[in-house]
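Below: the structure, in structure tokens.
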Amino acid sequence: MNEEDFIALCKNGKFKEALALALQGREKAKYSPSRFSMDKNTGKPIFYRGNKRVEMDADGEWQLAKNTR
């Protein structure tokens with residue numbers, strides 16, 4: 001996922017397109033995100049599957065987040 005393109009889509013109000021960019025063909029994966037929010041401190045996206053926080057692992061697969069503050 002190209003984070004610059006993702007943030008540009010969000011700033012233009014195209015949130016569905018931004019989420020589709022983050023998924024990039026992994027829509028059917030077990031932990032693919034269904035929504036996201038932007039972290040106010042860092043400006044980076046935080047992805048969620050239902051109420052669980054998810055993130056990409058080193059292989060590019062969506063997994064439940066291990067470190068939730």
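The values are calculated or read from the model by the stated rules, or taken from the named source; none is laboratory data. Fair warning: this is a prediction, and the values are worked out from it, not measured in the lab. Virtual Cβ from ideal backbone geometry, glycine too; neighbours counted across all protein chains shown. Remember, those area values only see protein heavy atoms, side chains included, never the ligands or the DNA or RNA. Shrake-Rupley method; radii C 1.70, N 1.55, O 1.52, S 1.80 Å.
Residues of region 31-45 that are without any contact (Cβ under 8 Å) to a residue 40 or more places away in the chain and over 16 Å from Glu17 (Cα atoms): Tyr31, Asp39, Lys40, Asn41, Thr42, Gly43.
Here is a check on your reading of the model: is Asp39 open to solvent by 100 Å² or more (accessible area, probe 1.4 Å) and either within 21 Å of Leu9 (Cβ to Cβ) or not hydrophobic (A, V, I, L, M, F, W, C) (or both)?
no
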